[in-house]
Structures are given as C-alpha cells and as structure tokens.
1. Only one of Arg165, Arg147, Arg209 is farther than 22 Å from Gln32 by Cβ, of a type in the set (D, E, K, R) and outside the structural domain of Ser86 (by TED's automatic domain parsing). Can you tell me which?
2. Quick check: is even one residue across the stretch 63-81 at pLDDT 90 or above, of a type in the set (A, V, I, L, M, F, W, C) and surrounded by 20 or more Cβ atoms within 10 Å (Cβ to Cβ)?
3. Can you pull out every residue in the stretch 161-184 that is in contact with a Ser or Thr (Cβ under 8 Å, 6 or more places away or on another chain) and under 18 Å from Lys129 (Cα atoms)?
4. If you scan the stretch 202-255, which residues turn out to be β-branched (Val, Ile, Thr) and either surrounded by fewer than 17 Cβ atoms within 10 Å (Cβ to Cβ) or in a helix (DSSP H, G or I) (or both)?
5. Of Thr59, Thr34, which residue is outside the structural domain of Ile317 (by TED's automatic domain parsing) and either in contact with a helix residue (DSSP H, G or I) (Cβ under 9 Å, 6 or more places away or on another chain) or surrounded by fewer than 18 Cβ atoms within 10 Å (Cβ to Cβ) (or both)?
6. Any idea which residue in the stretch 122-132 is surrounded by the fewest Cβ atoms within 10 Å (Cβ to Cβ), counting only those that are in a loop (DSSP other than H, G, I, E, B) and more than 15 Å from the chain's Cα centre (by Cα)?
7. Restricting to the stretch 171-195, what's the tally of residues that are in a loop (DSSP other than H, G, I, E, B) and either under 23 Å from Pro232 (Cα atoms) or not charged (D, E, K, R) (or both)?
8. Applying the selection to the stretch 183-204, what residues are modelled with pLDDT of 90 or more and under 29 Å from the mean Cα position of the chain (by Cα)?
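The values are calculated or read from the model by the stated rules, or taken from the named source; none is laboratory data. The model shown is predicted, which means the values in this text are computed figures rather than measured ones. Cβ atoms come from the backbone with ideal geometry, glycine included; neighbour counts cover every protein chain shown.
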Amino acid sequence: MNSAISSEFLNPVSTQTWSNGRHLVRCLKIIQETRDVRTFCFSMQQPVLFFFKPGQFVTLELEIAGVQVMRSYTLSSAPSIPYSFSITVKRVPGGVVSNWLHDHFGEGDEIAVHGPVGQFNCIDHPADKVLYLYGGVGITPVMSMARWYFNTNTDVDMVFAHSARSPSDIIYRAELDYMSTRIDNFKLHLICDRNENGQGWAGYRGMLRREMLHLIAPDFLEREVFCCGPAPYMRAVRALLDAEGFDFSHYHEESFGATPAEDIALAEDNAAEAQELEQEFDAADLLDVCFQASGKSVRVAKGTMLFEAAANAELTIPKGCGMGICGTCRVKVLSGETDMQHNGGITDEEVALGYVLSCCTSVNGAVEVDY
C-alpha cells in the first residue's frame, strides 16, 4: 500500500489545523533508527497542519489481544514540518505496546491518537540559553525542541548532552552531527556507557557526573534545563544539579506514570478501598456520583477521584498517564462540585465547557457525569 503524501494532499486552501482531541491517523513510513528503536510517521486522510508545542505528546489508543490499551509517546518531530508528525519508540523487553508496534504495526495502518498535550515544551518555558540532558529514548521531546529551533533559525544557545548505552544506540546520530556542523549555537556532547567490540569511541564515557557537566556546560547554572530519560537517570541529574546549587525553577523534566496494567490493578485496589471506606461512613457522609450515559451510580466518600468512583461502579474510563498530563481520561461533569489538580492535560476552553480529567479530579459533592 502506497502511504506517501501526494502533491494534491498539500493544498493549503483546504488544510485544517490539529487540535486536542481524538484523531484517526495513518502511518506513512517507518524508520529504523537503531537496532531496537523505530520512528513511526503519521498523517491524516484529509490534509491537516500538525501544529503543537515542541516537547508535547500524544496518547495512542490500541487494541492488543482484544484488550484496549492506552500509551503516551512524545512527538519527536517538530511543528516546523507540519503536514505529518512522528513518534519514536524503543522496543522494551516485555513491553506490550512497544513490541506490538515493532512487530505488527506497518506502513498504511491506521491508529487513533489523543492529543497533543503536555507542559514539558519549549514554548511555555522560553529561554535564550538551554541545556538538554537526556538518556536513551528520552531524546524524543528535546529533539522536537531542537528541530523546531533549528528549522526556524532561532538564536537560542543550545547545549545537547545525550547519554546512550553504546555508540550504536545513539538515536538520530547522523542528524545531530549535521545540526552541530550547520549552526554554531548547537553544541553536541555524546556520552556512552560503554563501547562494544570493534567500536571506536572518542567521546565521553561512563555516567554523567559533576566534572563532565562542567566541561559540557560551564554556565549550566544560567541555563534552562530540560531533562528526560529513565527514572534513575533523572534522579541522578536532579541530585547532581541540587549539589551544585541549581535553581530548580529553571528545571523541567518529562515522565509518565504507571503502565496500563498497573493502572488496572490500582483501580481495583482503589475500588476495594472505597468499598471498605463506605462501611466506615454513615450514609449521610457519602456522596452520589451518577454516570448518566451508562445508567450507573455509586456512593463514595468525599475526596474520591472520579476515576476511582467509575471503577467502583464497574466502569472503565480509558487512562494513559494517571498524572493529569495526557488528557486521555477526560469526561464531562454535568453538575456537582469537583476539584481538579491537573498537570496540563486539558485546556482552559475544555474546562469552561465542563470537562475534567477523571484521574486527578476529586468528588466534593453529589456529581453527575456524562459517561
């Protein structure tokens, strides 16, 4: 199946603009970046300009082995090339979604995505000097930012410090080398934990440490820092910066919450806990939550999250991150008092229309939900 974009497709007169929501997209091509990392490029049947804030992410809606699975991935492309977008996925041993995408998802296939959303981006946190610290596939959001700055000829002073297992595991290496030779405001530093037999390596070795940081960016205390990577890597970076007296109001990191399997277990635990709490409260202390479309109701204690209330009513609201950043668990509250503490996964316009993110919205009164 030919999934390439035709010249007729790129008609700016009939082009629409991407907005946060659910969209059906088609895979245009797949690029093998390293031995276990692939980039998937997407577009829509109708021409759409994919404008988003570099660093934001989408949540994939999949059905694997008959089970609905939601998973969030950062957009690795930049909105400066707007007729398509890309995600870059690393195969993870035992990873349900990553392995399925690598083994079963191909060019021409369609998939539903939710988004784009996310506060980890260079538009909401502008700076004249930035330091990107990232490990492995954590490169994707900062690569989106760098591509945006590069393509728009910005004069932002960028320092890149990429940690990888080995030279063959450096994602986008050819493009990074190209960018570093084309502009003088892009300084590239590659760090490898080891090199394999037959591999030559003249760059930094081992883990990022104090002496290395001072060589890479002597003025790091003056820079806006964006960090992304495995949890141990980000903990080590925070500890290193903290020991150096860094002002963390200029620090930003990207991370996601539990996996969907863990979400399901958590929802079950919360439902059981809610049932136990019900027995401890008088009936007058419980609040009614009515899910109008499903015709189900449940009584919960004040402060219960809407997602937990739904689980207690034997309803499953799709959820990706569990932290109020991906926007997947959005529902509309028709009436009642709630309190939402989100992390950027919903717009002010959606809030004004009554929408909330159920994973981070507590019940403070009798509530009616359109679900």
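1. Of the residues listed, the single one that is farther than 22 Å from Gln32 by Cβ, of a type in the set (D, E, K, R) and outside the structural domain of Ser86 (by TED's automatic domain parsing) is Arg209.
2. yes
3. The answer is none; no residue qualifies.
4. So the first thing to find is which residues in the stretch 202-255 are β-branched (Val, Ile, Thr), and the list is 216, 225, 237.
Those that are β-branched (Val, Ile, Thr) and either surrounded by fewer than 17 Cβ atoms within 10 Å (Cβ to Cβ) or in a helix (DSSP H, G or I) (or both): Ile216, Val237.
5. Thr34
6. Of the stretch 122-132, the ones in a loop (DSSP other than H, G, I, E, B) are 122-128.
Subsequent filtering for residues that are more than 15 Å from the chain's Cα centre (by Cα) retains 123-128.
Numbers: Ile123: 13, Asp124: 13, His125: 18, Pro126: 9, Ala127: 16, Asp128: 11.
So, considering only residues that are in a loop (DSSP other than H, G, I, E, B) and more than 15 Å from the chain's Cα centre (by Cα), the one surrounded by the fewest Cβ atoms within 10 Å (Cβ to Cβ) is Pro126.
7. The qualifying residues number 7.
8. Ile183, Asn185, Phe186, Lys187, Leu188, His189, Leu190, Ile191, Cys192, Tyr204
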